[in-house]
Amino acid sequence: MIDWNDFPNFGEKEFACQCGCGVSAIQEPALQTFQDLRTSYNRPLTVSSGYRCVAHPEEARKVDNGGRPGSHFSGFAADFAVAGEDAIDLLRLMLNDPRVTGIGIQQRGPWNSRFLHCDILPEGGDIARPALWTYP
């Protein structure tokens, strides 16, 4: 059970699945990484997507296409709404944190739809780690 008092810049609802189920199954090691990044970043950090259950449209699409649910389903990932120079600053912190093994960059399109994905998945699985990618 996570003691949310240990993570002063985040709340459980921020990481809850947005499909409507409201399940929050974020894992404490990920949350600690995100808190440490936020502390170093030294400015607000908005979670745009945290835990995703298999019914969440993004995870369901992966399964429907013959894949497995992604890193958000594992509870070891989150997306942070950030753009421009702020995204560059956060990206630098992520790249320098040895716990971070996956970084996805979405910095195209409307400013309010840009984000950075961060996960701490271990080696193995579908994607070699560490991994860095952009979204189409």
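The values are calculated or read from the model by the stated rules, or taken from the named source; none is laboratory data. Only a predicted model underlies this, so the values are computations on that prediction, with no experimental measurement involved. Cβ sites come from the backbone with ideal geometry, for glycine too, and all protein chains shown count toward neighbours.
Given (1) modelled with pLDDT of 90 or more; (2) surrounded by fewer than 20 Cβ atoms within 10 Å (Cβ to Cβ), identify the lone condition not met by residue 63.
The single condition residue 63 does not satisfy is (1).
I'm told residue 135 meets every condition in (1) in contact with a Lys or Arg (Cβ under 6 Å, 6 or more places away or on another chain); (2) farther than 22 Å from residue 10 by Cβ except one. Can you identify the failing condition by its number?
So the condition that residue 135 fails would be (1).
Among residues belonging to the stretch 71-94 that are assigned to a helix (DSSP H, G or I) and touching a strand residue (DSSP E or B) at 6+ places or on another chain (Cβ under 7 Å), point out the one that is nearest to residue 23 (Cα to Cα). Spell out the reasoning first.
Residues of the stretch 71-94 assigned to a helix (DSSP H, G or I): 71-74, 84-94.
Subset that is touching a strand residue (DSSP E or B) at 6+ places or on another chain (Cβ under 7 Å): 71-72, 87, 90-91, 94.
Details: 71: 15, 72: 12, 87: 28, 90: 27, 91: 28, 94: 26 Å.
Ranking the qualifying residues of the stretch 71-94, first place goes to 72.
If only one of 89, 119, 79 is in contact with a Leu (Cβ under 9 Å, 6 or more places away or on another chain), acidic (Asp, Glu) and surrounded by 14 or more Cβ atoms within 10 Å (Cβ to Cβ), which one is it?
Details: 89 fails: in contact with a Leu (Cβ under 9 Å, 6 or more places away or on another chain); 119 fails: in contact with a Leu (Cβ under 9 Å, 6 or more places away or on another chain).
Answer to the selection: 79.
From the list 80, 115, pick out the single residue that is within 13 Å of the chain's Cα centre (by Cα), more than 22 Å from residue 6 (Cα to Cα), aromatic (Phe, Trp, Tyr) and at pLDDT 90 or above.
Values: 80 fails: more than 22 Å from residue 6 (Cα to Cα).
Going through 80, 115 in turn, the sole match is 115.
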